Structures are given as structure tokens and as C-alpha cells.
Amino acid sequence: MANIVLAHGAWSAAWAWKKMRPLLRDAGHQFFAPTYTGLGARAHLANPNIDLSTHIEDVVAEIEFEDLNDVVLLGHSYGGMVATGVADRVGSRLARIVYIDAFAPRDGQSLFDLVGPKAEGNMRKGAEKDGEGWKLPINPMPPDTAPEDVAWASPRRRPQPIKTFEQRIKLESREPLPPRDYIYATRNGPGDVFRQFADRARSEAGWTCYELDSSHNPHITCPKEFMALLTRIMAGGK
């Protein structure tokens with residue numbers, strides 16, 4: 001049994017992992033999925049001051065108040081930014097970090113730094129046009145998402161506070177990091193920003209890289225296959 005804690009993606013929240021909950025439960029794991037301030041069930045708290053540090057604190061608080069140790073920390077997409085900050089704060093409580101088609105920043109990098117100036121410019125224009133300058137309009141779901149999943153997810157997704165993408169992460173811990181695994185979704189297509197992190201995981205000590213035949217949201221599009229890979233990773237990659 002593992003204590004699994006989720007750092008979810010942008011525009012999303014704990015609700016998006018609905019298909020994974022029974023799979024994790026049936027495997028005997030405890031699954032903790034804190035929803036970030038301003039999103040999902042906490043969308044009523046949205047405000048222009050929410051930044052990356054806010055979301056890091058959301059997940060750190062879950063770990064500390066539940067008094068969790070030997071945590072398998074999952075970071076999906078934007079959640080890789082959050083998971084990296086959480087590991088810097090409470091690394092001694094973590095057994096491993098699994099980045100799921102996620103951003104893996106180095107000290108001093110923001111998500112906008114990692115997506116590049118063109119994508120940043122497009123998102124900023126969207127916020128100015130439709131988000132009062134501080135709300136990033138919702139990104140479309142991958143094109144291979146089943147229509148019924150789009151119909152389920154779309155009403156629940158919420159704009160992302162822009163400061164979460166602007167704030168540069170500050171890493172201060174000098175403690176060694178736990179093992180890090182990277183799951184690269186191979187169906188991302190043109191404009192794939194995640195390959196750079198898979199390449200890093202293949203070449204840098206402390207990482208193991210895996211590939212999954214899926215698009216960006218395997219917890220929605222192929223939960224059973226995703227669960228099988230997670231099980232393999234938590235068993236030591238065998």
C-alpha cells in the first residue's frame with residue numbers, strides 16, 4: 001500500500017481523477033487529491049493573487065496535516081511545477097516523485113519560461129481578452145478525448161490564475177531528492193512541450209523515463225493502462 005498524493009494539472013482539480021480512484025483503492029493505496037485554491041470545488045476562492053506558491057502550499061498542507069510519509073507524489077502537467085516545489089519543502093516525506101507528462105522546472109524557472117514566448121504571448125492575449133487580465137482561458141482537451149468525457153469535464157474546468165504561470169520557482173533545499181520518474185505521453189503531436197523533460201529524464205542521474213501510448217490526460221483517456229504503468233513504477237520499474 002502506498003500513500004499517493006496528487007498535484008493536479010492546470011484548469012483542472014481533484015474531480016478529474018474520478019476514474020483513477022477506484023483503481024487505486026482496489027490496489028490498496030490511499031489516494032489524497034487536494035484541489036488547488038481557485039480551481040474545482042475551490043473555484044469560489046479564485047482571485048488575482050493566487051500564484052504557484054499558493055498551490056505548492058495547498059499540497060504541502062495536505063501532506064503535513066494528514067501526517068503522511070513515504071509519499072508517492074504525482075505531478076501531472078502544470079502539477080509538475082507544484083510537485084517540484086513540494087519536494088523542495090517536504091522532501092523527507094517523499095518516497096518518489098512521478099511526473100506525468102509534466103513540467104519539471106529548474107530553480108528560477110516559471111511555466112511561461114518553459115513553454116516559450118509564442119505560447120506565453122498567446123495565453124497572455126487570451127487573459128487580456130477574456131480573463132480580466134488575470135484569468136487564463138481554458139485550454140482545449142486533447143482531440144482523442146471521448147465525447148462523453150469532454151461533456152463531463154468541460155463544465156468543471158475553470159480559468160487558471162495567471163500568476164501560477166508567471167511565478168518563478170525558488171528551490172532552497174540542499175537535501176537529496178527522492179527517485180524521480182517521468183511518464184511521457186507519446187501522442188501529444190505538434191507543439192509538444194513535454195519532450196524536453198522526457199529527454200532530460202533519459203539523460204540525467206536520478207531519473208527514470210517511461211513512455212505511455214496516450215495523449216496528455218491518461219487519467220481520463222486510458223486509466224487502466226495508466227494504472228498498470230504506475231503499478232510497475234511503484235514496484236521499482238520491474
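Can you tell me the order of 104-110, 226-232 when each peptide is scored by its average per-residue count of other Cβ atoms within 10 angstrom, highest first? The partial results should precede the final answer.
Working: 104-110: 15.9, 226-232: 18.3.
The most tightly packed comes first, giving 226-232, 104-110.
Ranked by how many other Cβ atoms sit within 10 Å of their own Cβ, fewest first, the residues 1, 81, 20, 141 fall in the order 1, 141, 20, 81.
Residues considered: 118, 135, 18. Largest GNM mean-square fluctuation over the chain, using C-alpha springs under 10 Å, is found at 118.
When only C-alpha pairs under 8 Å and at least 6 residues apart count, what is the relative contact order of the chain, in percent?
Details: 446 pairs, mean separation 52.0, N = 238.
Relative contact order, the chain: 22 percent.
Taking other C-beta atoms within 10 angstrom as a stand-in for reagent exposure, 29, 55, 44, 216 fall in the order 44, 29, 216, 55, fewest first.
Dipole orientation for the chain: of the candidates 29, 117, 233, 117 has the Cα lying most toward the positive pole (charges on Cβ; Lys, Arg +1; Asp, Glu -1). Extension gain, residue 53 to residue 151, is 32.1 nm, computed as 0.36 nm per intervening residue step minus the present C-alpha separation. Helix content alone sets the calculated 222 nm mean residue ellipticity of the chain: runs of n ≥ 4 DSSP H residues at -39500 (n - 2.57) each, divided across all residues, give -10500 deg cm²/dmol. What the Cα atoms of the chain give is an Rg and a Dmax of 16.6, 49 Å. Pick out which of 22, 159, 147 has the largest mean-square fluctuation in a Gaussian network model of the chain, springs linking Cα atoms closer than 10 Å. Maximum fluctuation in the GNM of the chain, among the listed residues, is at 147.
Going from the residue with the fewest nearby Cβ atoms within 10 Å to the one with the most, 214, 53, 173 rank 173, 53, 214.
Count the net charge of all other residues whose Cβ sits under 9 Å from the Cβ of residue 173, scoring Lys and Arg as +1 and Asp and Glu as -1. Don't skip to the end; give the middle numbers.
Numbers: positive: 89, 174; negative: 88, 172, 175.
Neighbour charge sum, excluding residue 173 itself: -1.
All of the numbers you see were taken from the coordinates with simple rules; none came from a lab. Remember, predicted model here, so these are calculated numbers, not experimental data. We place every Cβ from the backbone using ideal geometry, glycine too, and count neighbours over all the protein chains shown.
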